[in-house]
Amino acid sequence: MTMTPTLTTTGSPAASAAPAEGPDGSVAVVRGPVLGVWAHPDDEAFLSAGLMARVRSGGHRVVVATATRGEQGTDDPATWPPARLGRVRARELAESLAVLDVHEHRWLGHRDGTLDGLRRTTGVAQVVELLEEVRPAVVVTFGPDGMTGHADHRTVSAWVTEAWRATGRAARLWYATLTPAFHARWGELNDRVGLWFPGQQPPVVDEVELAAEVRCDPPLLDRKHRSLRAHATQTDPLVRLVGESTFRHWWSTEWFVDAEVHARLRR
């Protein structure tokens, strides 16, 4: 059975950023721009490529900001010294976003692996500037867990959350998350590839608490897969490890939780 990609909302949206309801209760489009703020090239593709493609297909603006060029993202620094890898990953990011019809990108200009050592006010000010420029309806980023536990991811989440609060919470803030069903299906694989940083508890939110779910039907999944494979320095090793078909379906659904709901669940 072909499943239409949907965005299903359950959170409490800000009135000015409410999604548009489809006749079946799914969300046809997000009304207004979407801003994604991430740490490294490829974060946006793994966690929100389907969402971005869906929003663009509705004729709406998508802007992506990336804090670093991911120049430390290799197990082979002799072949991939930081300057070279950073250049290649920047090119990969542009190609990946083009697959999704996303053509607005901002670099925040920081060094990979250093974000948690920067002055917090520096990163927060950059995100405030983005929010004031783009005026998004929805902002997407990592949850406080950083998804995998990476310090750069957690730092970006903190920047975005503080900037969102400082600018009056005018947009909805969605954290990328995972569900019990994802962990049940992919848990062994996630552990085998070392997805979680040591000591990290993987994020999990029950489906009833989600702000949105994007399920990729075959055409949308094709686009997401191509956007991920454009990040070849990062995805080629994973494909060699798990196989093309498994890799294709691994991240075929995307889940988001409202920041305010997430805060309630953590109390």
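Tabulated values for the structure
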read-out: A163 vs. criteria part of a helix (DSSP H, G or I), touching a Gly at 6+ places or on another chain (Cβ under 9 Å) and surrounded by 21 or more Cβ atoms within 10 Å (Cβ to Cβ); value: yes
read-out: Residue within segment 167-174 that is touching a Gly at 6+ places or on another chain (Cβ under 7 Å), closer than 28 Å to F197 by Cα and among the hydrophobic types (A, V, I, L, M, F, W, C) present; value: no
read-out: Residue check for R266: open to solvent by 60 Å² or more (accessible area, probe 1.4 Å) and either under 25 Å from V64 (Cβ atoms) or at pLDDT below 95 (or both); value: yes
read-out: Residue match in segment 106-126 (condition: crowded, with 23+ Cβ neighbours inside 10 Å and within 16 Å of D43 (Cα to Cα)); value: yes
read-out: Matching residues, segment 215-242, being among the small types (G, A, S) and either within 18 Å of L178 (Cα to Cα) or open to solvent by 10 Å² or more (accessible area, probe 1.4 Å) (or both); value: A230, A232
read-out: Close pairs (6 angstrom Cβ cut-off, 6 or more residues apart or separate chains): more than 15 Å from G86 (Cα to Cα) in segment 225-236, part of a helix (DSSP H, G or I) and open to solvent by 20 Å² or more (accessible area, probe 1.4 Å) anywhere; value: H225/R248; R226/V99; S227/V99; T235/R229
read-out: Index of the failed condition, F182 passing every other in (1) closer than 18 Å to W250 by Cβ; (2) out of contact with any strand residue (DSSP E or B) (no Cβ under 8 Å at 6 or more places or on another chain); (3) in a helix (DSSP H, G or I); value: (2)
read-out: Residues of segment 132-160 satisfying the condition of being open to solvent by less than 20 Å² (accessible area, probe 1.4 Å), part of a helix (DSSP H, G or I) and farther than 30 Å from D191 by Cβ; value: V134
read-out: Residues located in segment 194-220, provided they are farther than 20 Å from P144 by Cβ and either among the polar types (S, T, N, Q) or in contact (Cβ under 8 Å) with a residue 60 or more places away in the chain (or both); value: V208, E213, V214, R215, C216, D217, P218, L220
read-out: Which listed residue is open to solvent by less than 10 Å² (accessible area, probe 1.4 Å) and over 30 Å from P82 (Cβ atoms), from A184, A212, A170; value: A212
read-out: Residue ID - surrounded by the fewest Cβ atoms within 10 Å (Cβ to Cβ), chosen from residues in segment 62-97 that are part of a helix (DSSP H, G or I) and free of Cβ contacts under 8 Å to residues at least 24 places away in the same chain; value: A83
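The values are calculated or read from the model by the stated rules, or taken from the named source; none is laboratory data. From a predicted model like this one, the values you see are computed outputs, not experimental measurements. No Cβ is skipped: glycine too gets one built from the backbone with ideal geometry, and neighbour counts run over all protein chains shown. Each accessible area value is taken on the protein alone, full model and side chains, heavy atoms only, with ligands, DNA and RNA left out. Shrake-Rupley method; radii C 1.70, N 1.55, O 1.52, S 1.80 Å.
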